[in-house]
């Protein structure tokens, strides 16, 4: 698995390399370097005088930066890196350096340089900007970052693309059930462990985890037929090195009985009907459960919140009954939804499982046993789910502290304009 070891934020002067690079380094807890600080005095004087640097001027500077990066196992560097041959010098002997490229219109960047010069006295004059645009050779492998995006969105885009396992916010409320095991797993993977190996190591080092499967590289299932049947027959889960399969494995570790029951039902359905173009109601419902389900645990004898969610009575769910959420818990089970929530958006929706009997306060092991026992084909084929925009859950995002957050009818849809 090739994990990013160094990030080089490239682009013309004034495109926001330093701002983005510093933000990335702060999030990753990596050292940050600004290439401008390493120019020899002669280069600085040329730029102050409005003279473009030549390749000969840049050569010792680029070599110095490469040596700097080689002395740090992880680092973020802000550097123009305008030509491919410059980028080759910068990344020589580095195991996995990646580029991010903030880009924007000439006029916008020129105005930024003017403002920076007035505010800080930076030596780069706006008169050299055109020469940088003329010199710039696009990097096909770079993450392109539109400078019109908000600052946090620029940072998030690069993190999600280049360092996905480091981008996980383990303090997010929806990750609390998984944090104890998940943080260590993500750290091991970010350090170079394949996802399947990290999951197996977690199994071996946590005897309390009663999981019936092991994890294997995706390649071991090639040509073996249906994914669900392979798991059922071999008791191994094919696993790729990505966030989707990471969260799938993490849910297996945390809710093994539910996952095993879902797999049993999928395998039985495939055995009965074969692999067809249309999976049928049961397999569709099983897949939806596996990828997007959530469990709502309430303390009251009657499931007040769940009923209001089923009625799409959002005012009642999130405002009138706001205090009820203090004693309730929403657990995200679906691994696809957990992956999406690494980069949360207001419209993200879970399918809350509507069980044949209410789920009351219990520990996760009890939830695993009880929900697994409720997974009957007849009930699941009815698609017993209630859509819930999860960013509306109190304390799951700061914005929902304002009642106006729930006025967005495109997200919090009424029964008349929604589709189940």
How many residues does segment 26-36 hold that are in a helix (DSSP H, G or I) and at pLDDT 95 or above?
-> 1
From 149, 162, which residue is free of Cβ contacts under 8 Å to residues at least 24 places away in the same chain and under 30 Å from residue 87 (Cα atoms)?
-> 149
In segment 328-354, what count of residues is obtained for those that are surrounded by 15 or more Cβ atoms within 10 Å (Cβ to Cβ), in a loop (DSSP other than H, G, I, E, B) and in contact with a strand residue (DSSP E or B) (Cβ under 8 Å, 6 or more places away or on another chain)?
-> 7
Hey, among the residues in segment 366-381 that are in contact (Cβ under 8 Å) with a residue 40 or more places away in the chain and part of a loop (DSSP other than H, G, I, E, B), which one's farthest from residue 414 (Cα to Cα)?
-> 375
Would you point out the residue of segment 311-327, among those that are out of contact with any helix residue (DSSP H, G or I) (no Cβ under 8 Å at 6 or more places or on another chain) and not in a helix (DSSP H, G or I), that is farthest from residue 386 (Cα to Cα)?
-> 313
Say whether the condition of being free of Cβ contacts under 8 Å to residues at least 12 places away in the same chain, surrounded by 13 or more Cβ atoms within 10 Å (Cβ to Cβ) and over 25 Å from the mean Cα position of the chain (by Cα) is met by at least one residue in segment 86-93.
-> no
Subset tally (residues that are modelled with pLDDT under 95 and out of contact with any helix residue (DSSP H, G or I) (no Cβ under 9 Å at 6 or more places or on another chain)) for segment 161-179 = 1
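The values are calculated or read from the model by the stated rules, or taken from the named source; none is laboratory data. The model shown is predicted, which means the values in this text are computed figures rather than measured ones. Cβ: placed from backbone, ideal geometry, glycine included. Neighbour counts: every protein chain shown.
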